[in-house]
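To keep things clear, I will list the structure first and then write my remarks on it.
The values are calculated or read from the model by the stated rules, or taken from the named source; none is laboratory data. Small disclaimer: the values here were computed from a predicted structure and weren't measured. Quick reminder, even Gly has a Cβ in these numbers, built from the backbone with ideal geometry, and neighbours come from all protein chains shown.
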Amino acid sequence: MAEQKNTLFDRPGGYAMPAGAGPANRQDATSGETIVLGGDSEPVHQAKPGVLVPSFEAADPDTRVYTGDCRDVLANLPDRGEVDLIFADPPFNWDVPYDEWQDNMSRSQYERFTYDWLDGCIEALSPTGSLWVNIPDDTAAEIVLHLKRRGLTMINWCIWHFRFGQCRHSSFIMSKVHVLYFAKDPDNRTWNPDEILEQSDRASIYNDARTMAKDSNKGMRVPMDVWYGPYLGRIQGNNKERRHGHHNQIPEAYLERVIRSCSNEGDLVLDPFLGSGTTVTVARALSRRGIGIEYAEATAASAWERINEIGMVRTGTTGGSSAIHPTRGRKKAKS
C-alpha cells in the first residue's frame, strides 16, 4: 500500500507518522499473561541482609562504590526505590577470566542469575526510573521477556554496532550488542532528546533545505536505534579511554548518550556491574549522583581510581554526524 500524506498537521513533507511498536510494548507490559522461561526452575537467590558500607565514596555529587554480589547489595541499598537510571552490562557467561567472578555457569543457572539481578534493579528503580541493559544475542530475548512479565515497558531495542568483531569463518562475524531500554512508566519517565541530538543525514549528506526549515533544531535529529559513528566503537589497544586489565569496556560516548537522555543533573545513576567504571565516571562528570557495584575488590579499586582521580577523558562527542556517505553536492543546472 502506498504511503498516504497526513494533512491534519503542518509538517514539511506532510507524511503520516506510523504508530510504531509503542502501543504493543505497553500492552505486553500490562497483559498479565504468564511467561515461562528457562531458569525459572532454579532456586531464587536469597539476598544476605546487612547494613551496607561503601568501599569508596566521595561528595559533590554523592558517589559511592560497593563491593559484593549485586543481588545482595541491591536488596540492602539505602536508596532502594529511589534510583532514577540504571545501566547494566552484566557478565555474558562466556568464560571470561574476570577477577574472582566465575563466568561459566550452566545455562539454567545463568538465566536464574539474570532474572535475580534484574529483579533487584527493578526494586531499586524509582517509579519514574529507566533501565538499560547491554547484552549479546545469547540472552537478549530472555531479558526482554522477563522485563515484560515484570510489568516494564520496552521503549527501544537499540543496537550498538562496532567494526572490530572477532574474526571467524564458521559464521558471520558478530559486530553488535543489544541495547535494551525499558521504563517503569513510559508516560512519566525522564527523556531529554535535545541533549543528544546529532546532525541528520539530510543535512550532512544531501543539503536538504527541508531540514533547515524546521522551527527548532535545524539540521539535527535524535539518534537512530543503531548506534555507530565517531567514538562509539569498541575500546581497544591504545585508545585513550582504555583501562588495561579490564574486559569489555564500553565507550564514554555510549554512556553519555544514555545518561544525558534519561536523567537530569542531580539524579541518581546506578551500575550493578561497575567493571572499568565507565557509567559512574560519566555520571559524575555530568553532575549526576552515582552508585557502582562491583564483585571483585581489585576491580572496584581500579574503577574508583578512574571515577575519582582520572575522570571522563573524552567530552564534546555529541552533536556530530554519524553519516556513512560523503556529502553529495547539488548539481548545477545546465546553462
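Within segment 271-285, the set of residues being part of a loop (DSSP other than H, G, I, E, B) and modelled with pLDDT of 95 or more comprises P272, F273, L274, G277. Contact map, segment 292-312: residues that are more than 19 Å from I86 (Cβ to Cβ) paired with residues that are β-branched (V, I, T), Cβ distance under 7 Å, separation 6+ or inter-chain. Pairs shown: E297/T67; W304/V65; R306/T281; G311/T281; M312/T281; M312/V282. Of all the criteria given as (1) under 20 Å from N248 (Cβ atoms); (2) in a strand (DSSP E or B); (3) not β-branched (V, I, T), the one not satisfied by L118 is (2).
Considering segment 225-239, and only residues there that are surrounded by 14 or more Cβ atoms within 10 Å (Cβ to Cβ) and more than 14 Å from the chain's Cα centre (by Cα), the residue that is farthest from P136 (Cα to Cα) turns out to be N239. Within segment 177-191, the set of residues being out of contact with any helix residue (DSSP H, G or I) (no Cβ under 7 Å at 6 or more places or on another chain) and over 25 Å from E82 (Cβ atoms) comprises V177 only. Among the residues of segment 144-179, those that are surrounded by 13 or more Cβ atoms within 10 Å (Cβ to Cβ) and closer than 17 Å to W94 by Cα comprise G165, S175, K176, V177, H178. Applying the set (1) in contact with a helix residue (DSSP H, G or I) (Cβ under 9 Å, 6 or more places away or on another chain); (2) in a helix (DSSP H, G or I) to D194 leaves exactly one unmet item: (1).
Conditions (1) acidic (D, E); (2) modelled with pLDDT of 95 or more; (3) part of a strand (DSSP E or B), marked per residue:
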| position | (1), (2), (3) |
| --- | --- |
| I143 | no, yes, no |
| G151 | no, yes, no |
| C158 | no, yes, yes |
| Q166 | no, no, no |
| M174 | no, no, no |
| V179 | no, yes, yes |
| T190 | no, yes, no |
| N207 | no, no, no |
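Within segment 123-152, the set of residues being touching a helix residue (DSSP H, G or I) at 6+ places or on another chain (Cβ under 8 Å) and over 18 Å from T34 (Cβ atoms) comprises E123, A124, S130, L131, W132, V133, I135, T139. Taken over segment 74-105, the residue count meeting the criterion of being touching a strand residue (DSSP E or B) at 6+ places or on another chain (Cβ under 8 Å) and at pLDDT below 95 is 1. Of the numbered criteria (1) under 30 Å from P78 (Cβ atoms); (2) of a type outside the set (D, E); (3) in contact with a strand residue (DSSP E or B) (Cβ under 9 Å, 6 or more places away or on another chain); (4) not in a loop (DSSP other than H, G, I, E, B), the one P186 fails is (4). Just one of the listed residues (R242, R288) is within 22 Å of T317 (Cα to Cα), at pLDDT 95 or above and either out of contact with any Cys (no Cβ under 7 Å at 6 or more places or on another chain) or surrounded by fewer than 24 Cβ atoms within 10 Å (Cβ to Cβ) (or both), and it is R288. When E252, E265, E294, E305 are checked against the criterion of being in contact with an Asp or Glu (Cβ under 7 Å, 6 or more places away or on another chain) and acidic (D, E), E252 stands alone in meeting it.
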